[in-house]
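A short worksheet on the structure shown next.
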Amino acid sequence: MSPPQPRPPVTVRTATLADVDALVDMLVAVAGEGRWIGAEAPVDVERRRRRMADEVESDDVIVLVAEAGGEPVGQLGLRLAGYGVADLGMAVAAAWRGRGVGTALLAEAVERARKAGAHKLALQVWPHNQAAIALYERFGFQREGYLRRHYRRRSGELWDAVVMGLPLD
Ligand SMILES: CC(C)(COP(=O)(O)OP(=O)(O)OC[C@H]1O[C@@H](n2cnc3c(N)ncnc32)[C@H](O)[C@@H]1OP(=O)(O)O)[C@@H](O)C(=O)NCCC(=O)NCCS
């Protein structure tokens, strides 16, 4: 067996319009896994690109991209509500999970949300997504609620969701 290849360091920056296609490609791949995020295959790619471009240009959304060796390996979106809560969604490319990319994105997101004046981060996560829940709990997120049979999947199944929050004040 060959030794594992060294990986380039990960950096986190604000996404630009030039990132939109790559970030949507990443979302399509994660949606295709079928288990982790709200989006499901088949994703309407054009619509997603338009939405992502709007988000990148919006004053109410912060889109972060994690990069390694010039390639995007993770993304995080923060939607800032007028009442001070920043709603968070994130994904790391499958080949890059478990290597600190999610941690780097989330650390930057907490800083950005604070700077934007948010008093709280909020998110929803599938109860079976133990990697995500563990990451959020490491940052101090707490389980605040549980939505039963809340989201209809394309299979017709109704999935529960855990509501989590991290006060910043
Ligand atoms: C959830 C996700 C963003 C985590 O990103 P990541 O880059 O793998 O996370 P990190 O490598 O920074 O791991 C940080 C911590 O998360 C937890 N974690 C990560 N992967 C884990 C796993 N497979 N099982 C249990 N805990 C895990 C651990 O607490 C870990 O800390 P440790 O390394 O000290 O043990 C990533 O797995 C992912 O993109 N999954 C698919 C999309 C998704 O689930 N998005 C979130 C939807 S709510």
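The values are calculated or read from the model by the stated rules, or taken from the named source; none is laboratory data. What you see is a predicted model, and the numbers here were worked out from it, not measured in a lab. Here Cβ is always computed from backbone atoms with ideal geometry, including for glycine, and neighbour counts include all displayed protein chains. When the accessible area is computed, the model is the full protein with side chains, heavy atoms only, and any ligands, DNA or RNA have been set aside. Shrake-Rupley method; radii C 1.70, N 1.55, O 1.52, S 1.80 Å.
A few comments on the model shown:
- Any chance Ala118 is part of a loop (DSSP other than H, G, I, E, B), more than 21 Å from Asp25 (Cβ to Cβ) and open to solvent by less than 30 Å² (accessible area, probe 1.4 Å): yes
- Residues of segment 143-157 that turn out to be surrounded by 11 or more Cβ atoms within 10 Å (Cβ to Cβ), closer than 20 Å to Gly34 by Cα and not basic (Lys, Arg), as a count: 3
- When segment 85-102 is filtered for residues that are farther than 16 Å from Thr14 by Cα and in a helix (DSSP H, G or I), the ones remaining, listed by number, are Ala94, Ala95, Trp96.
- Any hit, segment 70-87, residues being basic (Lys, Arg) and more than 29 Å from Arg148 (Cα to Cα): no
- Taking every residue in segment 83-101 that is over 14 Å from Leu168 (Cα atoms) and pairing it with any residue that is more than 7 Å from the ligand (Cβ to nearest atom) and polar (S, T, N, Q), at least 6 positions away or on another chain, the pairs with Cβ-Cβ distances below 7 Å are Met90/Gln75; Ala91/Gln75.
- In the set Val20, Val73, only one residue is among the β-branched types (Val, Ile, Thr), touching a residue at least 12 places away in the same chain (Cβ under 8 Å) and within 13 Å of the ligand (Cβ to nearest atom); that residue is Val73.
- Residues of segment 89-108 classified as closer than 12 Å to Trp36 by Cβ, within 6 Å of the ligand (Cβ to nearest atom) and surrounded by fewer than 19 Cβ atoms within 10 Å (Cβ to Cβ), total: 1
- Residue in segment 125-142 that is farthest from the ligand (Cβ to nearest atom), counting only those that are open to solvent by 60 Å² or more (accessible area, probe 1.4 Å) and without any contact (Cβ under 8 Å) to a residue 60 or more places away in the chain: Gln142
- Candidates in segment 36-63 are the residues that are more than 12 Å from the ligand (Cβ to nearest atom) and in contact with a strand residue (DSSP E or B) (Cβ under 7 Å, 6 or more places away or on another chain); of these, the one that is most open to solvent (accessible area, probe 1.4 Å) is Asp60.
- Taken over segment 8-24, residues that are assigned to a loop (DSSP other than H, G, I, E, B) and open to solvent by less than 50 Å² (accessible area, probe 1.4 Å) amount to 1.
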